[in-house]
Amino acid sequence: MMIVMREAATEEQVSAVVERVESVGAQAHVSEGEFVTVIGAIGDREHVAKLGLEGAPGVEQLVPIMKPYKLATAEYKRGERTVIDVEGRKLGGSHFAAIAGPCAVESRELMLESARGVRDAGAQLLRGGAYKPRSSPYSYQGLGEAGLRLLAEAREETGLPIVTELMDVRDLEAVAGVADVIQLGARNMQNYALLTELGRSGKPVLLKRGLSATLEELLLAAEYVLKEGNEDVILCERGIRTFETSYRFTLDLMAIPVLKELTHLPVIVDPSHATGRRDLVESLSLAAAGAGADGILVEVHSDPDRAVCDGPQQLRAEDFGGLLRRVEQVAEIAGKELAAAV
């Protein structure tokens with residue numbers, strides 16, 4: 001249930017409603033908008049229905065939420081979009097951001113070269129995998145904590161906030177100590193224990209859609225993070241598995257406008273993993289911006305021919321700037337402004 005407070009509701013009235021919600025064993029999630037405060041009451045439906053809050057001091061109206069995802073639904077924000085601020089870089093709402101960097105952290109030299117390249121091209125955040133989920137156990141698995149130290153050095157030199165993936169809850173403390181945004185990959189989208197811990201981490205979460213996941217399943221995965229009090233969730237469409245074999249995955253561009261209807265959360269696109277081919281990345285980045293995406297997540301490497309994993313899909317650093325300028329133009333036509341580099 002969504003409890004909409006009056007515009008003039010006092011802090012005491014809001015606190016009284018929260019206390020009432022929690023008295024029946026439900027969770028109260030408070031969202032303060034520009035004009036009104038909304039309280040999401042999450043718990044046993046019968047208990048919540050018997051709260052008797054109609055006409056309570058400061059309460060404007062009660063709105064039942066029929067969707068299974070209560071906090072991720074667009075209804076919860078009453079038309080407002082979530083905007084996530086990462087060290088001054090904004091993503092969501094009217095803001096468009098580019099996240100770029102190598103697929104994996106491989107060496108100090110290549111990491112710093114790639115970081116400088118994406119910074120100079122105008123990216124707002126730097127990505128790089130210290131831990132790598134691979135289909136084969138014999139493939140490169142990442143440098144682990146040594147990779148995290150290289151990411152920290154790259155942030156120190158370039159000033160770019162770090163996006164990196166978490167695979168195992170045992171590594172949460174180490175990853176959270178470096179990452180400004182923690183990525184949860186497609187293979188872990190329904191790892192509910194990991195989602196719950198990320199909800200308690202206090203770090204923004206970039207949640208990738210699973211290879212065969214529906215949009216409802218993606219939003220329910222986001223709900224696991226949101227219900228723990230972490231409101232900073234970024235959804236990422238990265239391609240889904242279909243019958244087509246001419247390319248790596250099928251990028252579901254229709255998911256962007258549909259998710260915009262269903263949720264208030266930012267939606268970005270990863271064209272690199274969807275295509276598996278660098279020659280297709282630009283066209284799909286442009287299409288994503290035109291469809292209203294809030295950003296792109298692109299793999300960029302200073303020397304992709306030497307990359308230890310996913311080299312064929314990684315853009316060359318010298319080509320990324322031109323692509324980003326063209327994507328910015330399309331994003332602007334779609335009503336976006338590029339998040340400023342600080």
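Using a cutoff of 8 angstrom between alpha carbon atoms and counting only pairs six or more residues apart, the relative contact order for the chain works out to 17 percent. For residue 295, the amide hydrogen comes within under 5 Å of the amide hydrogens of 97, 269, counting only partners 5 or more places away or on other chains and with H modelled in the peptide plane. Sorting the segments 52-58, 216-222, 175-181 by their mean number of nearby beta carbons within 10 angstrom, highest to lowest, gives 216-222, 175-181, 52-58. The Cα center of segment 192-222 and the Cα center of segment 52-74 differ in position by 24 Å.
For the pair residue 63 and residue 316 in one chain, pulling the backbone fully straight at 0.36 nm per residue adds 86.0 nm over the alpha carbon distance.
Between the beta carbons of residue 112 and residue 173, assuming R0 = 35 Å, the FRET efficiency works out to 0.90 to the nearest 0.05. Annotation: the residues 111, 5, sorted from fewest to most other C-beta atoms within 10 Å of their own C-beta, follow the order 5, 111. Modelled spin-label separation between residue 200 and residue 157, with each label point placed 7 Å from Cα along the Cα-to-Cβ direction: 3.7 nm.
Placing dummy labels 7 Å off each Cα toward the beta-carbon, the span from residue 332 to residue 23 is 5.6 nm. The alpha-carbon of residue 70 sits under 24 angstrom from the alpha-carbons of these lysines, leaving out residues fewer than 8 places away in its chain: 50, 203, 208, 227, 260. For segment 184-207, the residues whose amide N sits under 15 Å from a probe point set 7 Å from the Cα of residue 217 along the beta carbon direction are 185-192.
Readers should treat all values here as calculations from the given coordinates under stated rules, not as data from a laboratory. On a predicted model such as this, the values are computed, not experimentally measured, just so you know. All Cβ positions, even for glycine, are placed from backbone atoms using ideal geometry, and neighbour counts span all protein chains on display.
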